[in-house]
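Accompanying notes for the structure given below.
The values are calculated or read from the model by the stated rules, or taken from the named source; none is laboratory data. All of these numbers come straight from a predicted model, not from anything done at the bench. Positions of Cβ are generated from backbone atoms using ideal geometry, with glycine treated the same way; all protein chains shown enter the neighbour counts. Accessible surface is based on the protein model in full, side chains and every heavy atom, while ligands, DNA and RNA are left aside. Shrake-Rupley method; radii C 1.70, N 1.55, O 1.52, S 1.80 Å.
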Amino acid sequence: SNKEISFSERYITKGEVPNVIGMTAKDALFLLENNGLIVKMKGYGTVIKQSINPGARIQNGVLIEIILG
């Protein structure tokens, strides 16, 4: 019943795993795959957990699992 929308900026650093928590599956998948990661998704909704911590150095072709809920 809270009818407010809030926005917050996300800064994406090239070569680092972005924080995708709170994003939709579509947005997270786009961002992660465009950074060279292979994405495995579980669940529905928005991202509540990611298997590689934000800010970690990206290695192309590494698997990252995102949990949606």
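Among the GluC sites (Glu not before Pro) within the chain, those in coil by DSSP and having at most 12 neighbouring Cβ atoms inside 10 Å are E4, E9.
Enter the angle in degrees (range 0 to 90, nearest 10) between the Cα long axis of helix 25-34 and the first principal axis of the Cα atoms of the chain, meaning the one along which they spread out most. The angle comes out near 30 degrees.
Of the chymotrypsin sites (Phe, Trp or Tyr not before Pro) in the chain, the ones in a loop by DSSP (not H, G, I, E or B) with at most 14 other beta carbons within 10 Å are F7, Y11, Y44. Each Lys and Arg Cβ is given +1 and each Asp and Glu Cβ -1; about its Cα centre, segment 5-67 then shows a dipole of about 100 debye. Here the Karplus curve 6.51 cos²θ - 1.76 cosθ + 1.60, taken at θ = phi - 60°, turns the phi angles of segment 56-66 into couplings of 5, 5, 7, 10, 4, x, 7, 7, 10, 9, 10 Hz, with x standing for Gly and Pro.
Leaving out ligands, DNA and RNA, and with a 1.4 Å probe, what % of the accessible surface on the chain is carbon or sulfur?
Values: 2750 of 5230 Å².
Roughly 53 percent of what the probe reaches on the chain is carbon or sulfur.
Expressed as a fraction of 2.2 N^0.38 Å, the rule-of-thumb size for a compact globular protein of N residues, what is the C-alpha radius of gyration of the chain? Spell out each step's value before the answer.
Numbers: Rg = 12.4 Å, N = 69, 2.2 N^0.38 = 11.0 Å.
Against the empirical 2.2 N^0.38 Å value, I get 1.13 for the chain.
When the chain is treated as a GNM with alpha-carbon contacts under 10 Å, the residue of T13, T24, T46 showing the greatest mean-square fluctuation is T13.
For E16, the residues whose modelled amide H falls within less than 5 Å of its own, excluding neighbours fewer than 5 places apart on the same chain, are I58.
Between E65 and K40, S51, I52, the built amide H atoms are under 5 Å apart, and every one of these is 5 or more places off in sequence or on another chain. In nanometres, what is the gap between the two model label sites at E33 and R10, each 7 Å from Cα along Cα-to-Cβ? Each label point lies 7 Å from its Cα, and together they span 1.6 nm.
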